[in-house]
Amino acid sequence: MDVKIEVSWKEKLQPEFEKDYFANLVNFVKSEYATKTVYPPGRLMFNAFDQCPFDKVKVVILGQDPYHEPGQAHGLCFSVNDEVQFPPSLQNIFKEIETDLGITPPRTGNLLRWAQQGVLLLNATLTVRAHSAGSHQNKGWETFTDAVIHHIAEEKEHVVFILWGSYAQRKGEFINPNKHLVLKSPHPSPLSAHRGFFGNKHFSKANDYLRQTGQELIQW
């Protein structure tokens, strides 16, 4: 199957594109886009990969679902388009960066600048129906994104995996902590941020590890 995705990822993931589950997923997603309002826009479905080629990946941040309200989702987890109000989880991410690193929150919630520095902003499910959180879960996306994480965990070394919340932690439980840095905490959502997301210092810890392993730091 010919999937429009960045060339290095296409090479890695081609075996997935040939599998039955992926064909079923494509049929489902095409039908949803044809008959309903779905986010992100179809051309941005693989934006996380297009902005961060396989050989550039230094950090993986794992989200669950794209945002499901108009104008927000553009294919990078936790990120919103320019001019869009920050969702609560993103507000809390910026608060933690300010506490941890003293960086004032930016004017835009667009995290493209992270992706272009080697942060793969990966949602477990890459599409969602408007106003309906979780509506595209258990259709095959999770199998696909598990394969993505396996490729990174097995073929690369010294990647920082940032796993917020129990869902992300379960999804990343096979990652070898002796080969990579695995950072875990509660989710930045207002429901859980005060239970240990605030104060987790994941942004400085990620950069300390990148420094120790001779990699360029992320400008958070």
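The values are calculated or read from the model by the stated rules, or taken from the named source; none is laboratory data. The structure presented is a predicted model; accordingly, all values stated were derived computationally and were not measured. We place every Cβ from the backbone using ideal geometry, glycine too, and count neighbours over all the protein chains shown. Just the protein is used for accessible areas: all its heavy atoms, side chains included, with ligands, DNA and RNA removed. Shrake-Rupley method; radii C 1.70, N 1.55, O 1.52, S 1.80 Å.
List of remarks:
- Listed by first and then second residue, the pairs linking a residue in region 166-187 that is without any contact (Cβ under 8 Å) to a residue 24 or more places away in the chain to a residue that is open to solvent by 80 Å² or more (accessible area, probe 1.4 Å) and part of a helix (DSSP H, G or I), with Cβ atoms under 9 Å apart and 6 or more places separating them unless they lie on different chains, are ASN176/GLU154; LEU183/LYS205; SER185/ARG195; PRO186/HIS194; PRO186/ARG195.
- Selection within region 188-220 - among the aliphatic types (A, V, I, L, M) and free of Cβ contacts under 8 Å to residues at least 24 places away in the same chain: LEU191, LEU217
- All positions within region 1-28 that are open to solvent by less than 80 Å² (accessible area, probe 1.4 Å), more than 12 Å from LYS139 (Cα to Cα) and not hydroxyl-bearing (Ser, Thr, Tyr): VAL3, ILE5, GLU6, TRP9, LYS10, LYS12, LEU13, GLN14, PRO15, GLU16, PHE17
- In region 85-96, the residues that are more than 8 Å from PRO188 (Cα to Cα) and at pLDDT below 95 never reach a residue that is aliphatic (A, V, I, L, M) and outside any helix (DSSP H, G or I) with C-beta atoms less than 6 angstrom apart, at least six apart or across chains.
- All positions within region 177-200 that are open to solvent by 70 Å² or more (accessible area, probe 1.4 Å), under 16 Å from VAL60 (Cα atoms) and in a loop (DSSP other than H, G, I, E, B): PRO177
- Candidates PRO70, PRO66, PRO105, filtered to the one that is under 30 Å from GLY196 (Cβ atoms), open to solvent by 30 Å² or more (accessible area, probe 1.4 Å) and part of a loop (DSSP other than H, G, I, E, B): PRO105
- Residue in region 29-43 that is farthest from the chain's Cα centre (by Cα), counting only those that are under 29 Å from HIS187 (Cα atoms) and open to solvent by 30 Å² or more (accessible area, probe 1.4 Å): THR37
- Restricting PHE161, PHE203, PHE197 to those that are modelled with pLDDT of 95 or more and out of contact with any strand residue (DSSP E or B) (no Cβ under 7 Å at 6 or more places or on another chain) reduces the list to PHE203.
- The residues listed here are ARG211, ARG129, ARG170, ARG113; of these, the one that is modelled with pLDDT of 95 or more, among the charged types (D, E, K, R) and touching a His at 6+ places or on another chain (Cβ under 9 Å) is ARG129.
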